[in-house]
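This report concerns only the one structure given below.
Bear in mind that the values in this text are calculations on the coordinates, not laboratory data. This is a predicted model, so every value here is computed, not measured. Every residue, glycine as well, gets a Cβ built from its backbone with ideal geometry; the counts of neighbours run over all protein chains shown.
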Amino acid sequence: MFMNNKPIPPNGASNPFLAQHAASITGVLHCWDRIRFLGTLRTLQSVRGMMGYLQCVGVLLKDFRQYVSDLTARVRAQSEAVAQAAGRQVHYLHSSLARKDQLARQSAQSEAIEEGLIGLWSCVEPCRTYFVRRDPRAKTLVMEFAPGKCLHHYFYFQDPQLGLMHLRLQTWFPFGVSVCVNGHLWLARLLDHAGIGYRQQENCFTWIEDMQAAQRLAASQLQTDWPAALNRLLHQCHPLARQICAPIAQQYYWSAQESEFSTDVLFASPCDLARLYPCLIRHAIIHFGSRDVLRFLGHCEKVRGPYQCEVKSSLKARPEGLRVKHTAAGNSVKLYDKQGSVLRAETTISHTEAFRVYREAEPATPAQPPETQGRWMRMRKGVADMHRRAEVSQASNERYLRALAVVQNSHTAGEATDTIFRAVLRNGRRHRALNPWTDKDAALLEAVHSGQWTINGFRNRDLRLALFGPTTDPCAKRKQAARITRSLALLRAHGIIKKVTHTHRYHLTDRGREIITALQAARKSTIEALLKIAA
């Protein structure tokens with residue numbers, strides 16, 4: 001299967017936000033933060049598959065409960081034997097709300113555990129599992145896959161490669177497994193092995209001796225063979241996994257249920273960030289609308305048609321400070337101030353349907369030959385698309401920071417937009433000035449700034465539909481298309497858009513994005529706010 005495993009280049013040098021504050025910034029780090037993997041036996045995720053499994057092992061529905069109880073007892077015994085062999089305790093928790101990660105950290109610190117298993121914690125938690133019930137109408141036994149509760153085992157490790165992490169095992173069918181990895185703790189291990197000095201406070205680096213080398217190590221995380229690494233942990237904590245998988249000749253399928261990718265901007269002084277951060281928060285919560293959030297996250301309306309989901313922006317006070325979060329379609333982009341001197345933009349992806357990955361299509365049947373040429377397809381949750389997920393997340397973080405470049409910009413809004421108010425010459429042809437305060441030009445600028453064009457750009461027909469709506473009149477279509485053609489030439493003359501080579505598509509330029517963002521901020525500001533600034 002085709003996978004793009006090239007390292008992600010650091011694009012900070014071209015980001016106007018980073019260029020604007022370069023004197024106060026000591027480095028930028030793009031890195032995974034938290035990743036939650038899910039391991040499943042896909043055959044056992046449906047009643048039909050579970051019935052087939054029972055047929056393979058020769059178990060009738062009337063014997064299901066006894067069979068599963070015996071198997072579960074063996075799974076628990078084997079798991080506890082793993083902890084006992086490592087000389088660690090098995091802790092039973094009476095509440096699923098207990099902070100197991102905090103308990104694991106305390107155990108690791110008190111027992112000075114730097115590598116290996118820290119301990120095993122078990123508790124009863126909600127899950128989806130199988131039940132055999134009697135159907136009173138059909139007077140027969142039926143299998144149901146429904147919400148329930150069962151015992152879960154939490155294995156916490158100081159892994160020699162991944163750092164502090166844990167594996168959660170469901171001890172009842174379908175024996176689901178989840179693994180949580182922290183990218184920053186993982187990177188700390190890599191820095192230790194490379195002999196690179198750093199200062200780390202909780203889940204954040206406040207200083208790194210060699211930022212370029214650290215970024216190369218963070219990029220090396222994208223080359224991880226995830227099935228091999230996760231299967232190693234699985235068989236270590238779940239020795240009966242191979243025996244359970246044998247009847248259906250299937251291995252655990254690994255997917256990334258949720259991923260967080262962060263871009264950390266390290267400031268030289270906490271005072272520099274303290275002066276800037278309130279302005280960033282205020283601008284983000286007041287001026288970033290739904291279209292901006294969709295643009296940051298790179299959503300394209302052509303994936304499933306126009307968006308019907310709710311876009312939310314929220315501001316939350318945390319012990320460390322304020323956090324602003326924008327959510328759309330189950331994914332989000334956030335802004336933090338970490339440990340006083342680190343500005344973190346972070347993208348969380350839980351739903352991958354809106355994103356694209358260039359890969360070969362999987363054959364519909366085993367007999368069908370695979371495609372030899374890749375094409376853009378929907379991103380999967382499977383670990384095969386982890387590299388593309390990192391690319392999308394980093395691009396989202398950088399778009400978010402780029403949009404914040406208008407805050408405390410060394411150029412005034414008048415200086416940034418001055419040229420569009422004058423007529424310009426391009427290729428010997430005169431183009432009129434733009435007037436963003438009129439409805440006509442404001443609608444045009446807002447249309448080209450829409451988030452749906454961020455990934456693939458826009459065409460004449462796209463703008464025509466966005467500005468005029470659909471029509472079946474061929475004469476009206478021609479007139480509207482001609483008007484859009486003149487508008488595109490006008491925007492190109494002012495340097496707001498650029499044409500994609502060998503295509504009929506256009507993209508916003510960095511200058512165009514800065515101009516439109518400044519104008520939109522000015523249009524949304526109240527007269528009272530502007531008078532306060534003027535005073």
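Values computed for the structure shown
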item: Efficiency of FRET between Leu141 and Arg461 - r from beta-carbon atoms, R0 60 angstrom, step 0.05; result: 0.55
item: Percentage relative contact order, the chain, counting C-alpha pairs under 8 Å, at least six apart; result: 15 percent
item: Charge dipole of the chain about the Cα centre (unit charges at C-beta), most positive-ward option of Ile497, Pro239, Pro126; result: Ile497
item: Pair-distance profile P(r), taking every C-alpha pair of the range 144-283, with 10 angstrom steps and integer %; result: 9, 31, 27, 18, 11, 3, 0
item: Rg to Rh, two decimals, where the range 51-139 supplies the alpha carbon set and Rh follows Kirkwood; result: 1.14
item: Protection proxy ranking of 45-53, 158-166 - average other beta-carbon atoms within 10 Å, highest first; result: 158-166, 45-53
item: Percentage relative contact order, the range 466-514, counting C-alpha pairs under 8 Å, at least six apart; result: 22 percent
item: Net +/- balance of residues flanking Cys127 in space, Cβ distance below 11 Å, scoring K and R +1, D and E -1; result: +2
item: Separation of the Gln373 and Phe468 label points, Cα + 7 Å toward Cβ, nm; result: 3.4 nm
item: The range 165-229 - charge dipole about Cα centre, Lys and Arg +1 at Cβ, Asp and Glu -1, debye rounded to 20; result: 140 debye
item: Under the Debye formula (equal points on every Cα, no solvent term), log10 I(q)/I(0) of the chain at q = 0.08, 0.13 Å⁻¹; result: -0.66, -1.34
item: R0 of 35 Å, Cβ-Cβ distance Val124-Gln223: FRET efficiency to nearest 0.05; result: 0.35
item: Reachable aspartates and glutamates, given that their alpha-carbon falls under 18 Å from the alpha-carbon of Lys338 and they are not under 8 places away in the same chain; result: Asp33, Glu202, Glu260, Asp264, Asp272, Glu320, Glu346, Glu398
item: Cα centre as origin, Lys/Arg/Asp/Glu Cβ charges: the chain dipole, Debye; result: 2360 debye
item: Packing-based order for 428-439, 204-215, 462-473, using average beta carbon neighbours within 10 Å, highest first; result: 204-215, 462-473, 428-439
item: Value at 222 nm in deg cm²/dmol, rounded to 500, when DSSP H runs of n ≥ 4 in the chain each add -39,500 (n - 2.57); result: -11500 deg cm²/dmol
item: Antiparallel bridges, percent of DSSP beta bridges restricted to the chain (to nearest 5); result: 95 percent
item: R0 of 35 Å, Cβ-Cβ distance Val500-Asp439: FRET efficiency to nearest 0.05; result: 0.75
item: Segment Glu310-Arg65, length gained on full extension (0.36 nm per residue, minus Cα span); result: 83.9 nm
item: Segments 125-137, 254-266 sorted - mean Cβ within 10 Å per residue, highest first; result: 254-266, 125-137
item: Relative contact order (%) - the range 45-186, alpha-carbon pairs under 8 angstrom, separation at least six; result: 20 percent
item: Distance violations [Cα-Cα > 32 Å] among Lys479/Lys499; Lys62/Lys100; Lys325/Lys477; Lys334/Lys479; Lys334/Lys381; result: Lys62/Lys100; Lys325/Lys477; Lys334/Lys479
